[in-house]
Structures are given as structure tokens and as C-alpha cells.
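Trainee: Pasting a structure below so you can have a look.
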């Protein structure tokens, strides 16, 4: 039980990678604050965790809200006495829109969810972690779209590149003060995010699909949660500021 007595926050926990990460932390003893918009999904997730060493506590809200991003940190401290782990997982795609098809509305939507929400939550979390003798651990979920320009539209690519850069900055700035920050960059993972896109750019999608003929079968949410567990544990205590690509080798192309 690597996380007994630990308090963790997982955003985007109602499905996919966030769902798997929350359950795996609870299995290993953590008190998990599961954050997402769909309250009923979170309540079902909490029931799944019943009988585990840890527990899952739902916290419904929209991560794009500054008030929510900050209040979930306060809520976690109230529940567990501290905040040990923050996993910024919530995210949206951008319909593979290249810049000539990009709208202001799509740009704002992607940036609010993929960048602004995580930044606001990390700012609040770091301020709390600096006051803790135990420091803290931040894990961001980006994408292979955060390390190359050929796997998504322009907004998603920009947002994930920014998260990779912010991760490195936080890791450097607070390395001597007990706070670690790493980023996971998944490749093709079976989640609801892909299926939620309704206005996909034909030209953008076709271009992105080029070069993916080496792809193996899509990864599973468990592949990402296992990586998050490792980065959150003492097993990885000397890993800080790392960009961990989990894509089955797709980015080797």
C-alpha cells in the first residue's frame, strides 16, 4: 500500500484515464478526491472503490473555473489534512483543426480546459505544498501532441506543449523545496475523448493519420494509471521534470 495516508486529487476522473488513475490510487490506500463535471459518474466511481484500502470522494465541478480549481485543493486539505498528489488529467480535443479552420471559441475551450485549469490548480497546490513538511507531487497528463506537431490540431498541440514546458519549470523551481512535477504523454489510448468530437476537420484528420501505419493496438487507460502510480511513489523519487511518453512506440516514427 504505497499511498496509505496520502491525499490525492485526480481531475477528469469520471471516465477513461482519470477513472483508472483514481481507482488505482484508492487500491493502494490513498484518499482520492475525484473531480469531474458529471456528478453521477463520480458517485458511481466512489462505489467502485468501496472495500478498497483507500477511498474516493466525489467533487463535482468544471475545472475551467478558477474557483473550482482552487476550492478542490482546499477540499482535499480538509478531507486529508494535506495534499500529497495532484494529477491534472482533465482535457478536451480540438477536432484536429489546423490553424486556418480554428475559431476563437474552439481555442478558448481547449485552452481553458487543457491549460488554464491545470495552471490555476497547480498554483494553488504549490502554495499549499510549500507549507507542508512532506512537500508534494504533481503529475500532468499531456499527450504525444505535446512533444510533436503532427498528432492533433493547432489548439490541442499548443496547450499540451505548454503543459510540458510548465512541468519542467515547476520541477526546476521547486526541486529543492520538496515538490516534484512530471508529465505523462500518452499516445493512442481508448477513452471517451476521441468519441466526443463531433466536427472533425477532414483535412486535419487526414494529415494527422499519415505516418501512423506503425501503430500497434490502442493502449488502455491502465497503461497510463500504472505510469502515474510509479511517478507518484517513492520508487521514482529521483525523477523530476521528466516527460514520459507512453505510446507503444508511435513517436519513434
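Each value in this text was obtained by applying a stated rule to the coordinates, not by laboratory testing. Every value quoted in this text rests on a predicted model; they were computed, and no experiment measured them. Quick reminder, even Gly has a Cβ in these numbers, built from the backbone with ideal geometry, and neighbours come from all protein chains shown.
Trainee: Considering region 50-69 alone, what residues qualify as being out of contact with any helix residue (DSSP H, G or I) (no Cβ under 7 Å at 6 or more places or on another chain) and within 12 Å of residue 124 (Cβ to Cβ)?
Mentor: Those that are out of contact with any helix residue (DSSP H, G or I) (no Cβ under 7 Å at 6 or more places or on another chain) and within 12 Å of residue 124 (Cβ to Cβ): 67, 68.
Trainee: Would a scan of region 161-178 turn up a residue that is outside any helix (DSSP H, G or I), touching a helix residue (DSSP H, G or I) at 6+ places or on another chain (Cβ under 9 Å) and surrounded by 23 or more Cβ atoms within 10 Å (Cβ to Cβ)? Talk me through it step by step, then tell me what you get.
Mentor: Here is the first cut: in region 161-178, the residues outside any helix (DSSP H, G or I) are 178.
If we keep only those that are touching a helix residue (DSSP H, G or I) at 6+ places or on another chain (Cβ under 9 Å) too, we end up with 178.
The next check asks that each one be surrounded by 23 or more Cβ atoms within 10 Å (Cβ to Cβ); those that pass are none.
For region 161-178, residues outside any helix (DSSP H, G or I), touching a helix residue (DSSP H, G or I) at 6+ places or on another chain (Cβ under 9 Å) and surrounded by 23 or more Cβ atoms within 10 Å (Cβ to Cβ): absent.
Trainee: Condition test on residue 91, is it out of contact with any strand residue (DSSP E or B) (no Cβ under 6 Å at 6 or more places or on another chain) and surrounded by fewer than 21 Cβ atoms within 10 Å (Cβ to Cβ)? Walk me through how you get there before you give the answer.
Mentor: Working: out of contact with any strand residue (DSSP E or B) (no Cβ under 6 Å at 6 or more places or on another chain): yes; surrounded by fewer than 21 Cβ atoms within 10 Å (Cβ to Cβ): no.
Here the answer is no, as residue 91 does not meet what is asked.
Trainee: Checking residue 33 against (1) out of contact with any strand residue (DSSP E or B) (no Cβ under 7 Å at 6 or more places or on another chain); (2) touching a residue at least 24 places away in the same chain (Cβ under 8 Å); (3) within 30 Å of residue 108 (Cβ to Cβ): exactly one of these is not met. Which one?
Mentor: Unmet condition: (1).
Trainee: As an exercise: evaluate residue 126 against (1) more than 19 Å from residue 219 (Cβ to Cβ); (2) part of a helix (DSSP H, G or I); (3) in contact (Cβ under 8 Å) with a residue 12 or more places away in the chain; (4) within 15 Å of the chain's Cα centre (by Cα) and give the number of the one condition it does not meet.
Mentor: Unmet for residue 126, out of (1) more than 19 Å from residue 219 (Cβ to Cβ); (2) part of a helix (DSSP H, G or I); (3) in contact (Cβ under 8 Å) with a residue 12 or more places away in the chain; (4) within 15 Å of the chain's Cα centre (by Cα): (4).
Trainee: Right, next: With respect to the numbered conditions (1) crowded, with 21+ Cβ neighbours inside 10 Å; (2) touching a residue at least 60 places away in the same chain (Cβ under 8 Å); (3) part of a helix (DSSP H, G or I), which one is the sole condition not fulfilled by residue 182?
Mentor: The one condition residue 182 does not meet is (3).
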